[in-house]
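Derivation of every value follows stated rules applied to the coordinates shown; laboratory data play no part. Worth saying up front: this structure is predicted, and the values here are computed from it rather than measured. So basically every Cβ, Gly included, is an ideal-geometry build from the backbone, and we count neighbours across all protein chains shown.
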Amino acid sequence: MTPELLAMLGGGVSGFIMKMMATQAQNQARLFEQMLQKQTIADQSADKAAMRGGIWMRRIITVCVLFAIIIAPLAVAFTDVGVVLQEQTNGFLGLFKGQKFVHTQGYLILPEVRQTALAIVGFYFGSSQVK
């Protein structure tokens, strides 16, 4: 091979490598710009969602749950309000299951209400730790 052919081949290879590196840099810059645009759109969407008034709905739910846990049992304690509970019966050898209804006095707090109260307490105390 002649030196001119080697120089031309080396120049072509180095030009190809430089062009490929420049193209990759452009692609990375374009990808970074797209990521910034997506983040901007996500931030705008979160801001709009925060402005919709969801805080009032959360407060109403909190007041209702606290009423069901604190005020309602206290009010029912001074009345003769009864609760009807459904129980499963085993039947004959556990084969024929049935249902019976039992009437009790008092106020029934469901496990779902307790779990909701725990979530509310965790949310408010957790968010107060962040501030």
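Can you pull the Rg over Rh of the range 1-52, Cα-only, Kirkwood?
Here Rg/Rh amounts to 1.55.
Report the far tail of the P(r) of the range 54-130, meaning the percent of Cα-Cα pairs longer than 21 Å.
50
Based on alpha-carbon centroids, what's the gap between the range 1-20 and the range 37-91 in Å, whole number please?
After rounding, the separation between the Cα centres reads 72 Å.
Before rounding to the nearest 500, sum -39500 (n - 2.57) across all DSSP H runs of length at least 4 in the chain and divide by the residue total; then give [θ] at 222 nm in deg cm²/dmol.
My calculation for the chain gives -23000 deg cm²/dmol from helical runs alone.
Testing the spin-label approximation: label points 7 Å from Cα along Cα→Cβ at residue 39 and residue 8. State their distance in nm.
About 4.9 nm, to one decimal.
Can you give the FRET efficiency for residue 75 and residue 103, using 1/(1 + (r/R0)^6), R0 = 30 Å, r = Cβ-Cβ distance, to the nearest 0.05?
0.95
Please compute the Kirkwood hydrodynamic radius over the chain, one decimal place, Å, based on all pairs of different Cα atoms.
Mean inverse Cα-Cα distance, inverted, gives 22.9 Å.
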